[in-house]
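This report concerns only the one structure given below.
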Amino acid sequence: MNGGAMKPVRVGLIGLGVVGCQVARILTEEAEALQARTGIPLRLEKVAVRDLGKERDFTPEGAILTTEPFDVVNSAEVDIVVELIGGEDPAFDLAIGAARKRKGFVTANKLLLALRGAEVFSAFEKSGARLGFEAAVAGAIPIIRSIRESFSGDQVELIQGIVNGTGNYILSRMTDEGSRFEDVLKDAQALGYAEADPTLDVEGIDSAHKITILAALAFETVVDFSDVYTEGITRITPEDVISAGELGYRIKLLGIARRIEDAISLRVHPAMLPQRCLMANVNGPFNAVETRSKRAGVSTLVGRGAGGGPTATAVLSDIVSMARDIASGGGARMAPLGSPVGGMEKLPVIPMDELESEYYLRFTVPDRPGVLAQIAGALGDNGISIASMIQRERMENQPVSVVLMTHNAVEADMKRSLTHIESSGICLAPTMIIRIAENDRD
Ligand SMILES: NC(=O)c1ccc[n+]([C@@H]2O[C@H](COP(=O)([O-])OP(=O)(O)OC[C@H]3O[C@@H](n4cnc5c(N)ncnc54)[C@H](OP(=O)(O)O)[C@@H]3O)[C@@H](O)[C@H]2O)c1
């Protein structure tokens, strides 16, 4: 460095909520430490919120506050725009506006990138402006950089992970305490781990947003969010969690993106993982992402996937990396996804019906002779064989649970068997199906 005063890189922040407050705090209170570490002075110049009068964890002094987010994007005093408001609208227009103005844009908005990613990525490619979205997937875990850069010389075949902290917190507590989903959810909401409307988290939608982004990045393909098969955790009962334990498994909500030759499989659903495996032991609000690639084999990153502090760390990593680029005069810019969206082909998505998996099944049936034979018969007629079984203690005149683990079966055959069993009238409640996770190690 030449000792002369370096021009500060000016940051405009849109949103001062859970994540935005932490980002603003670091940019202001830790400005000197950041400069010492990176060599670049960063200045928080402008901040947009919805309500100027709201009490907040942190309100930056010195920055100009506005309620007009487009003022931040259009300001000649802002070099990098940080969008931390979430949702599609107006976040999409803010992103496109920043690309047109050739400003760096940092976002944690997985919903935006899952639903409108192709448009956003290509706008930044065309303008040559930088787009950072490390915070959009798995909080502080550096999975975006890892796939885009560290695996760029390899071929990713599988990404699977626990990418929703709320879902994992709920399932972990259900497992540890044998509690019901509804009770743990209430507690999680009281403790701030779950939103008042938990739909995106517990129905698997948030995980599907993240899998959409990870699959596009890993397989260099255009991914439609609607192509991700999505199933949440709301139907899991304490009995399933206990049975899984007795069988040597733990239930986790997994996002899975797999490349099979020239096609991809995209899914989010509860899955049973062998208790001994690393991801089965990632509990509470923690996230884990496992990557399997052709040469490197399996590697897993584990860390805090949400919350103001961890997410702010990921946001800051993008700000600092852009600021370094700006301070050094630019240089070659990488397309946001590594390779240009324009040149990407859309790989076909393998239908769920073609999936092969082992299955956990729990039937609620009357306690009478012949029922088990009827279930086994319907499965056998569709080529599905039973690997193990648990039958709970009988209580007079009470329905019983029959828990079965199957050998590998095709999803379409499984569906056909279940339709047959349920239409025969022996099931007293809907049957629970949980797929067994692929856990192949090489
Ligand atoms: N929270 C997490 O743990 C976490 C983790 C990973 C990723 N993310 C992502 O990070 C982003 C922010 O999440 P968050 O939890 O920080 O959200 P949040 O707490 O709800 O905060 C949103 C902020 O955006 C402001 N805002 C909303 N609409 C606006 C508009 N039209 N103009 C100006 N300001 C507006 C709000 O202003 P007011 O305060 O005035 O209402 C608020 O300060 C989202 O994309 C989320 O998915 C969050």
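Bear in mind that the values in this text are calculations on the coordinates, not laboratory data. Computed from a predicted model, the values in this text were never measured in an experiment. For neighbour counting, all protein chains shown are included, and Cβ atoms are generated from backbone atoms with ideal geometry for every residue, glycine included.
Things to note:
- DSSP bridge orientation in the chain - percent antiparallel, rounded to nearest 5: 65
- Couplings 3J(HN,Hα) for region 417-426, derived from phi with the Karplus relation 6.51 cos²θ - 1.76 cosθ + 1.60 (θ = phi - 60°), are 4, 5, 4, 5, 5, 5, 6, 6, x, 7 Hz, where x marks Gly and Pro.
- Centre-to-centre, using Cα atoms only, region 338-389 and region 268-337 are separated by 30 Å.
- Ellipticity estimate at 222 nm from DSSP helix runs (n ≥ 4, -39,500 (n - 2.57)) divided over the chain, nearest 500: -10500 deg cm²/dmol
- With coordinates expressed along the principal axes, the C-alpha atoms belonging to region 354-436 extend over 40, 22, 19 Å, beginning with the largest.
- For the peptides 337-348, 314-325, the ranking by packing is 314-325, 337-348, with the highest mean count of neighbouring Cβ atoms within 10 Å listed first.
- With N the number of residues in the chain, Rg(Cα) / (2.2 N^0.38 Å) evaluates to 1.09.
- Per-peptide packing, taken as the mean over residues of other Cβ atoms within 10 Å, places 17-29, 45-57 in the sequence 17-29, 45-57 from highest down.
- In terms of the mean number of neighbouring beta-carbon atoms within 10 Å, the peptides 246-252, 178-184 order highest first as 246-252, 178-184.
- Distance distribution note for region 143-304: the fraction of Cα pairs above 29 angstrom is 18%.
- Think of each Lys and Arg Cβ as +1 and each Asp and Glu Cβ as -1; about the Cα centre, that makes the dipole of the chain roughly 1060 debye.
- Each residue of region 356-373 is assigned a 3J(HN,Hα), and the resulting list reads 10, 7, 8, 10, 9, 10, 10, 9, 10, 9, x, 7, 8, x, x, 5, 4, 5 Hz, derived from the Karplus form 6.51 cos²θ - 1.76 cosθ + 1.60 (θ = phi - 60°), x at Gly and Pro.
- Alpha-carbon centroid distance for the pair region 222-254 / region 76-120, whole angstrom: 32
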